[in-house]
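Asker: The structure follows.
Read-outs: derived from the displayed coordinates by stated rules, not from any lab. Note that the structure is predicted; figures quoted are calculated from it, not measured. As a convention, Cβ positions derive from the backbone with ideal geometry for all residues, glycine included, and neighbour counts pool all protein chains shown.
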Amino acid sequence: MRKKRIMVIGPRGCGKTTLVNSLNDYAGPLSKTQDTIYGKNTIDVPSAYIENEWMYKHIIALAQDAWCVLLLLDQSRTTEVYSHGFAKAIRCPVVGVISKCDLKEENRPICVRQMGSIGVDEPYFDVSVPEGIGIDELKSYLLKLKERKGLK
């Protein structure tokens, strides 16, 4: 049986790879993600998969290797990139993450509305990895969720 990981999905520039590196305890250099990357604890999905609806089938297939999915929205850019109800196509738990929460705080209500439209239930986690905001809370939540699912 394959090791299940945390799948991370989001639009271009929303901080996916920065978050993935934090979840994998990796402090090396960032690089553009053009392919799906299986890390120690994560699956980093390229933004092209979410920006092109015809690639949704690949996200759904990749989700078979995930025990949960982090769905990111960028608070600094509130362009809608997900289809209505998108999260309901994924069979494992979907956790909403509002990245870059230290930027354009007035956009948070828009992100919350978008999460609801996408089909992601609360709680939503406000995260800014470079500023160290929210990452410990997210990791703690994921650890408890993993324990509830009975995973190692």
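Asker: Looking at region 44-65 only, could you name the residues that are in contact with a helix residue (DSSP H, G or I) (Cβ under 6 Å, 6 or more places away or on another chain) and surrounded by 15 or more Cβ atoms within 10 Å (Cβ to Cβ)?
Answerer: Within region 44-65, D44, Y49, H58, I59 qualify.
Asker: Please identify the pairs in which a residue from region 134-149 that is over 16 Å from G15 (Cβ atoms) has its Cβ atom under 8 Å from the Cβ atom of a residue that is part of a loop (DSSP other than H, G, I, E, B), counting only partners at least 6 apart or on another chain.
Answerer: Between residues of region 134-149 that are over 16 Å from G15 (Cβ atoms) and residues that are part of a loop (DSSP other than H, G, I, E, B), the close pairs are Y141/P123; L145/P93; K149/P93.
Asker: Right, something else. So which residues in region 47-103 are among the small types (G, A, S) and part of a strand (DSSP E or B), if there are any at all?
Answerer: Matches in region 47-103: A66, G96, S99.
Asker: Something else: Let me confirm something: among E106, E137, E131, which residue is in a loop (DSSP other than H, G, I, E, B), exposed (fewer than 15 other Cβ atoms within 10 Å of the Cβ) and not basic (K, R)?
Answerer: That would be E131, the only listed residue that is in a loop (DSSP other than H, G, I, E, B), exposed (fewer than 15 other Cβ atoms within 10 Å of the Cβ) and not basic (K, R).
Let's see how each residue does on (1) among the aliphatic types (A, V, I, L, M); (2) more than 19 Å from L145 (Cβ to Cβ); (3) under 16 Å from the mean Cα position of the chain (by Cα):
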position	(1), (2), (3)
N24	no, no, yes
Y38	no, yes, yes
A48	yes, yes, yes
H58	no, yes, yes
Q64	no, no, yes
Q75	no, yes, yes
E80	no, yes, yes
I90	yes, no, yes
K100	no, yes, yes
